[in-house]
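Derivation of every value follows stated rules applied to the coordinates shown; laboratory data play no part. None of these values were measured; they are calculated from a predicted model. Every residue, glycine as well, gets a Cβ built from its backbone with ideal geometry; the counts of neighbours run over all protein chains shown.
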Amino acid sequence: MKLKSLSTSWNGIKSENTFLRILVPLLITAIVVLSIIMKNRESPIAVVPWTLDHKVEFSRNNGDVGTKKMWAMAVAELIGNITPGNADFVVNKLERMLSPDIFSVLKTNLADQVEEIKHESFTTNFTPQDIIYEKKTDKIFVAGRMEMSGASGASMTFIRTYEFKIEINNWYPKIIHFDVYKGQPKLWTSS
């Protein structure tokens, strides 16, 4: 009577069981492979910084041109706008941003300049006017108008350029080359 439907359903259960015995290990393998791929994959972070008009992307150990320009601009503005009240703060921030090699070279010079700024009530005001990325050397140039004034009220204005080379290391940008000079950027020439 119901023996035929019982055998049909029993065969169906057996074939479904066989199918699932093959499918489940394949799914487990796919999950393990995808987990390994996702663990080793670096996903870039996209940010729209206030210093630029387009998004930038960076990952654990790499940054695009926009990221480097953003950091160069921020550091140039930090260094270029020093007063007796924020001089120690600027030096503290620079220590974290500059590579140890560069900071150890600049440390004595910076300490002397900070003391002079405090003693003379000297202020600087940097207004960036151009950011240039040079692909050949991987350098970023931030050029602009620098105004320096002392307590006496005398001031001078000139073009100043900050030159940087920036690397991203473990999500944190480090300045591995730094130079500052009067005048326009000293770009690489092939001659």
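Where in the stretch 61-141 are there trypsin sites (Lys or Arg not before Pro) that are in a DSSP coil and have at most 11 other Cβ atoms within 10 angstrom of their Cβ?
When the trypsin sites (Lys or Arg not before Pro) of the stretch 61-141 are filtered for loop state and at most 11 Cβ neighbours within 10 Å, LYS135, LYS136 remain.
When N counts the residues of the stretch 121-182, how does its alpha-carbon radius of gyration compare numerically with 2.2 N^0.38 Å, as a ratio?
On the way: Rg = 14.6 Å, N = 62, 2.2 N^0.38 = 10.6 Å.
Relative to the rule-of-thumb radius for its length, the stretch 121-182 sits at 1.38.
Based on the mean of other Cβ atoms within 10 Å per residue, sort peptides 173-180, 144-151, 17-24 so the most packed one is first.
Sorting 173-180, 144-151, 17-24 by mean packing, highest first, produces 173-180, 144-151, 17-24.
What is the stretch 45-182's relative contact order, in percent, from Cα pairs under 8 angstrom and six or more apart in sequence?
Details: 243 pairs, mean separation 32.6, N = 138.
Across the stretch 45-182, relative contact order equals 24 percent.
From the Cα trace of the stretch 45-182, what convex hull volume per residue do you get, rounded to a whole Å³?
Numbers: hull volume 14.8 nm³, N = 138.
Expressed per residue, the convex hull around the Cα atoms of the stretch 45-182 is 108 Å³.
Please report the spacing between the Cα centers of the stretch 158-182 and the stretch 95-134 in Å, no decimals.
Using only Cα atoms, the two centres lie 11 Å from each other.
What's the local net charge at PHE158, with K and R +1, D and E -1, over the other residues with C-beta under 12 Å away?
Every neighbour counted, the sum reads +2.
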